[in-house]
1. Restricting the stretch 58-87 to residues that are within 11 Å of the chain's Cα centre (by Cα) and crowded, with 22+ Cβ neighbours inside 10 Å, which is farthest from the ligand (Cβ to nearest atom)?
2. Return only the number of the condition from (1) at pLDDT 95 or above; (2) farther than 25 Å from residue 161 by Cβ; (3) surrounded by fewer than 14 Cβ atoms within 10 Å (Cβ to Cβ); (4) of a type outside the set (D, E, K, R) that residue 1 does not satisfy.
3. Output the residues belonging to the stretch 92-107 that are surrounded by 15 or more Cβ atoms within 10 Å (Cβ to Cβ) and within 16 Å of residue 161 (Cβ to Cβ).
4. Run down 111, 122, 106 and say which single residue is closer than 25 Å to residue 144 by Cβ and either of a type in the set (A, V, I, L, M) or in contact (Cβ under 8 Å) with a residue 60 or more places away in the chain (or both).
5. Can you tell me which of 19, 32 is touching a strand residue (DSSP E or B) at 6+ places or on another chain (Cβ under 7 Å) and more than 15 Å from the ligand (Cβ to nearest atom)?
6. When both residues are 6+ apart or on different chains and their Cβ atoms are under 8 Å apart, which pairs have a first residue that lies in the stretch 84-95 and is more than 12 Å from residue 69 (Cα to Cα), and a second that is among the basic types (Lys, Arg) and more than 7 Å from the ligand (Cβ to nearest atom)?
7. With respect to residue 94, is the statement that it is within 28 Å of residue 34 (Cα to Cα), under 15 Å from the mean Cα position of the chain (by Cα) and small (Gly, Ala, Ser) true?
8. Starting from residues that are within 17 Å of residue 76 (Cα to Cα) and hydrophobic (A, V, I, L, M, F, W, C), keep the ones in the stretch 4-37 and report whichever is surrounded by the most Cβ atoms within 10 Å (Cβ to Cβ).
Amino acid sequence: MTSPIQKNLVEKNAGYASHFTKGDLALPPAKHYLILTCMDARIDPAAAFGIDLGDAHVIRNAGASARDGQRSIIISEQLLGTKEIILIKHTGCGMLTFSNEDAHGLVKKNLGPSAAVEIATLDFLPFSNLEDAVREDIAYLRKSATVPEDVVISGWIYEVETGKVRQVV
Ligand code: ZN
């Protein structure tokens, strides 16, 4: 059965593919950088951050977590040659609204004891202060042995209310 979401995908993709002309781009990002941002539905990275197709890696997860993004960051840098990290968290982030205890409690309540055991050691990486969280993630990346010294790193906040970005660090 095709869900309405799948139907939308097929229809919109047909339109997109009908005038697609960039099938010959190289695999490594042409501008050698990566953007790590949140999965929040209100963020359109390509439009808001000026990324043309083929230019950059865009890594997304809940909260734009550097720890959660580490696997992709290493692949981006070591296998695909990126040399700059732009980390962008955002106002109104869901990660500001719960604690690890809340999330674990919710899993146990909604999904049962087996699920709770399965994720017993999982850190959901919530945070309580947006700017501090940006600084902490940047500090984490700067001191990580997995990020070479010459990689340029900066931390930003995107405002979902205005569409503007501002640099934190
Ligand atoms: Zn978010």
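The values are calculated or read from the model by the stated rules, or taken from the named source; none is laboratory data. Being a predicted model, the structure only gives us computed values, none of them experimental. Using ideal geometry, Cβ is built from the backbone for each residue, glycine included, and neighbour counts are taken over all protein chains shown.
1. 73
2. Unmet condition: (1).
3. 93, 96
4. Values: 111 fails: closer than 25 Å to residue 144 by Cβ; 106 fails: closer than 25 Å to residue 144 by Cβ.
Exactly one residue qualifies, and that residue is 122.
5. Details: 19 fails: touching a strand residue (DSSP E or B) at 6+ places or on another chain (Cβ under 7 Å).
After applying the criteria, what remains is 32.
6. These pairs meet every condition: 90/42; 92/42.
7. Details: within 28 Å of residue 34 (Cα to Cα): yes; under 15 Å from the mean Cα position of the chain (by Cα): yes; small (Gly, Ala, Ser): yes.
For residue 94, the condition - within 28 Å of residue 34 (Cα to Cα), under 15 Å from the mean Cα position of the chain (by Cα) and small (Gly, Ala, Ser) - is met.
8. From the stretch 4-37, those within 17 Å of residue 76 (Cα to Cα) are 25-37; that's our starting set.
Keeping just the survivors that are hydrophobic (A, V, I, L, M, F, W, C) gives 25-27, 30, 34-36.
On the way: 25: 12, 26: 8, 27: 8, 30: 12, 34: 24, 35: 23, 36: 26.
So the residue we want is 36.
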